[in-house]
Every structure is written in structure tokens, then in C-alpha cells.
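The values are calculated or read from the model by the stated rules, or taken from the named source; none is laboratory data. Computed from a predicted structure; not experimentally measured. We work out accessible area using only protein heavy atoms, side chains counted, and drop any ligands, DNA or RNA first. Shrake-Rupley method; radii C 1.70, N 1.55, O 1.52, S 1.80 Å.
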Amino acid sequence: MIDPNSQTTDKHLQDLREKEAEELAQTLSGRYGLPYLDLSKTAINTDALRLIPEDEARLAAVAAFKVVNKTLSLAILAPNKPEAQAVIKDLEGKNFKVELFMVSEVGLESAWTRYSEVSLSEKTKAGLIEISNEDVTRLTEQFKTLTDIKTEIDKESGLALSQGGISGILEVILAGGLVTDASDIHIEPEQETIRLRYRLDGVLQDVADFPLKIHRQIISRLKLVSGMKLNVKEAAQDGRFSIALENSDIEIRSSVIPSAYGESVVMRILNPKTIELTFAKLGVETRLFEIFNREIHKPNGLVLLTGPTGSGKTTTLYAFLREINSPENKVITIEDPIEYHLGGINQTQVNKKQGYTFLLGLRSALRQDPDVIMVGEIRDSETAKTAVQSSLTGHLVFSTLHTNNAQGAIPRLIDLEVNPKIITSSLTLSIAQRLLRKLCPHCKKEIAPTESEKELLSAVIQSIKEKRSELVPENWQGEITEANKIFVAGGCEQCNGIGYKGREGVFEAIVMDDAVAAATITNPSEKEIKIAAKPQGILDMRQDGILKVITGRTTLEELSRVVDLYEEII
């Protein structure tokens, strides 16, 4: 049995030796006139580390740990050592300005361990992974379902264990995400395996599990191409890289956080084709489309989109901007971050470290003589007041607000200390939206609704008829019987065995008319705003969703995932 007291003693002796080594390095730094550095607590830049091969670095007792342009920071143990002098001379011959730092042997050992991680990854230009067209074509033809991707990952995992290379498994993971139109890739270490999941149409799907033994290599590879620090493992890091595919680059935003069993990774895929949706193809009901079209073409006003993260607000905003963008309009955006680049539009990005916030960006944008301003999100009172004031001074302002529904935007603005009377003059349109997965047309199954489902459908359909009777299909106009069918998800190769393929929005909106304005001045609740807006005849998200259910475009189960089906009907 291991004596815990012995372990404590060994740890104490090790700490003591390391402390003595650092003290010696500090003493020698004064003798040689070099700055002292505790290398074990310093971030190691892998591009710098690569400049000196590991065997040469160990022989010379040096480690390159930072490079900026042609200035190289070099940790050194013995400045007069001939091998060290040879390395310095070689670097200077390559036009590097070498800055020396005195370190301990313990510090050098901590830096040299990074060589093993770097060597596990192929030399790759940071920020770019090249996947050949031939490989993507092969994988596209091969991958029909998530099971196919899992099979290929299992194969590559075996190769990684036996041969040590992990570039193949990463290519499969990334190509699989592209083939399945995933929005995010999650790599999550667990107690015995690594769990791989894709977010498909807004919902996470398990893809594969692979051995925990290759976790470190995968993380190192991802950090390398994302421009992260390899030796930082106990703090969150963000990075990015691009996949060179055909004639375009698909940007990947990567995030790493420490977890119980290792570092967890999420890669967000920013595929330009996902925001190519035009204004005319948003899938908005005819009357609401006319309202949208009227309000976004006004010369001034405030248009707000509300909804949680992932509800499609950015896609809708970009569709609006594309619709109104013209040579006659100057459009400026302030985003956090810029997700997709739009031609002909001036896009700026929030930078908190530099103090460039939404508020400062909005104030700066106003000095650029814009016609249209898009503020990524209204988060505080000052930004809200400035956005409202901008809409009153001849600008059309688009922004987002975190509320659950369209009517919630008005109480939220009041909470942000915007004068209710000014809200009535500035806010022209408040929109709420969610994204529903669409049923796969190849495998959806027809069923009769249950009694409780009939009761729900009957109540909501009746409320739709009171607003817009013409929208209800003829076979759903009367009493619901066994002849009325709804659909459930199946599963086939066309939809990766999930039963859903693609998404579409459900929308609701409130226009600032006289009735809503009168209610706004009284510091109203959401319910009071909704009652005031009822004569506008605009469907709410539940009603819009139920129409999509009874016409076979989605399921009740899917609608209930994003909308409260049992809230009070107004």
C-alpha cells in the first residue's frame, strides 16, 4: 500500500527543488545581465517553438517561446554554451532579432514537453485547414446517414491509435459536419470516451464515441490551427480557422473550455450558404410579409427582432439588410461578432478589450452619415436610448432584444429607462421568431391526433379563424374528426435518419398603431400590449406554428419544443 505521508514528502521535495532551480536562474540572470523568466508559467507560442528542432533545442538548452514579426524571444540556460551560441547565430542569419531570457532547467523542461504535442500534429498553417475537393466529394458520396460518419470515424480512430496520426479523423469530423449541414460540432471528453455530437437543424445529435487516448492529440491539433495556446489547459480559449473548400473559405469559430475529464471543444460552422435566404423567401404569411416590406422601406424608425439565441434573428436581419441595400443607401452594422460578410455594407465588430462597445459603435456610426444602422443587440439603457434617438433623427435602425415574444419588447424598453412617449414615436415594428425543423417529405408518417391533441388544435384553430379564417384549410374548418390527419417524423437516408430536414421560421409581430401607442404610455404588461394589438389580425407564433402542423410541414412535438402551446389564448 502506498504511504500517503511518503507521497506528501516527495511532493514537498519536488516543490523545494523547483524553487531552488528558479532562485538559481534569478541569480544567474544578474550575472549575465539578462532578464529572468519563469518559463513554466509562460505561454508557449508553437510557431516560435517550431523554429528550433527539438533535438537542437535540448542540446543547446534553449527554447523559443514567442515570435512577433522577426523578433524572437529565446529562453536560455547557459548563454556561453557553444551549442546555444550556434543556435543564436543561425537565427540571426535568418534575420531574426533574438531577445534572451534566463530560465531554469525546470522551465525548459516544461517548454520542451510542448514538442510532443506539436509533433502529433502535421505542420499546418495556423488558421487554415485545406480539404481537397476530391476528398470532400468522396466523403459526400459516402456519407448518407450519421451511421456512415460514425463508421468512418471508428476506422480513423483505429488508425490514430495504431499509427499515431490524427489529421484523418479531424478531416472526417469536419467534412461530416459540412455534409450534414451542421451548425456546430461538439467534442466532449467523458470518463472513458470522447463524445462527438453535431447540431443539426438546431438540435444536438450523437454521432460517435472514440477513444479518450487520442483526446490530447485532437485538442492540440485544433488549438494549433485555431491559433490558441497549446500549453494553456485550465482556462477558456477562443480561436478560428477556415476550411478551404472549392472556391470559398468556410470559417470555423472554435471554443475550448476545461471540463472534468479534459478540455471540451465546440466548433461553430459559419457556412455562407446558410444565410443566403432572401427577404422574399423568409416564409412569412402574406399579410405579415406586406407589413415587413412596408416597415423596412421607411426612411426612419426602429425595427426590433426578439427571440432566444439560435432563433434565426441574424438570418432575418441580414435578409432585411439585403432587401434595402442599394447604391443610394449607406448601411452600417455594429456586430458581436461579424458572422457573415455582406457586399456593399459597412460592417464593424465590437471589441471589448479596446472599449469598442455597441454604444460606442452606434455613436461612431452616427458620425458616418448613415441611412440605415444595424445594432447587433441592445443590452443596456444607454444603447437603447441612443438607438431610439437615432430612429427619431432620420435613421432606420435595426436591432435585437432578448424577450420571449413581440409584445415583450415594449416593457423591456421601458425597463431600460426609455421614455414610453418616445417609444411610441420611434418603435415601428417588433418581431418575434423561432425556428422549426421541417418534416422530411420522403419519410413523414400520417397519423390521427389524440383526444388531447384534438382539443388543443380545435382551440388554436378557432382563434386563427377569428383573426384570419381564410388561412385555415377547408378540411380543418369544421369539427376535428378521424379524417383530420397530422404527421410525425420517420427517418431515411435523405434526412440522416432523423425525420427532419431543414428549418423554417414561425413569426409574430406588433405594429405601433394608435391602440398600441395608447397602451404603451400606461407602462403596460405584455398581456395588455397583446390585447391592444389583437385588432391588427397578425397571427402569433403558436397560431403560425399550428398552421404548419395541420398542413404537414412540421410536428406538434417539434412546435412544442420552441413555443408554449398551452398559454392563455388572447
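Report summary: the helix-based calculation at 222 nm, which adds -39500 (n - 2.57) for every DSSP H run with n ≥ 4 and divides by the residues of the chain, gives -12000 deg cm²/dmol. Expressed in nm², what is the orientationally averaged projection area of the convex hull enclosing the Cα positions of the range 408-531? So the mean shadow area of the Cα hull is 10.4 nm².
Protein heavy-atom surface of the chain, 1.4 angstrom probe: 48% of the accessible area is carbon and sulfur, with nucleic acids and ligands not counted.
Structural descriptor for the range 315-385: relative contact order 33 percent, calculated from alpha carbon pairs under 8 angstrom and at least 6 residues apart.
With the alpha-carbon atoms of the chain aligned to their principal axes, the span from lowest to highest coordinate is 92, 55, 55 Å, starting with the largest.
Across the range 194-207, computed HN-Hα scalar couplings (Karplus, 6.51 cos²θ - 1.76 cosθ + 1.60, θ = phi - 60°) run 9, 9, 10, 9, 10, 8, 10, 6, x, 10, 6, 10, 5, 10 Hz from first to last residue, x flagging Gly and Pro. Three semi-axes describe the equivalent ellipsoid of the range 269-355; taken as square roots of 5 times the Cα gyration tensor eigenvalues and ordered largest first, they are 22, 17, 14 Å. Just to check, using Stokes-Einstein with a Kirkwood Rh over alpha carbon pairs, what's the diffusion coefficient of the range 326-458 at 10 °C and 1.306 mPa s in µm²/s? Rounded, D is 91 µm²/s. Computing Rg and the Kirkwood Rh from the Cα coordinates of the range 180-305 gives a ratio, Rg/Rh, of 1.14. For the range 153-302, calculate the relative contact order in percent as a whole number, restricting contacts to Cα pairs under 8 Å that are 6 or more residues apart. Relative contact order of the range 153-302: 17 percent.
Using C-alpha pairs below 8 Å separated by at least 6 residues, the relative contact order for the chain is 10 percent. Could you state the orientation-averaged shadow area of the convex hull built on the Cα atoms of the range 40-99, in nm² to one decimal? Value for the range 40-99: 3.8 nm². Just report the Cα centroid separation between the range 461-495 and the range 50-77, whole Å. Each part reduced to its Cα centre gives a spacing of 69 Å. Accessible area per residue for the chain is 48 Å², calculated with a 1.4 Å probe on protein heavy atoms, without ligands, DNA or RNA. Here's how it looks for Gly497: its modeled amide H is under 5 Å from those of Cys492, which are all 5 or more places away or on a different chain. Note on the range 467-547: Kirkwood hydrodynamic radius from all Cα pairs is 16.1 Å, rounded to one decimal. When both the range 356-434 and the range 282-333 are represented by their alpha-carbon centers, they are found 14 Å apart.
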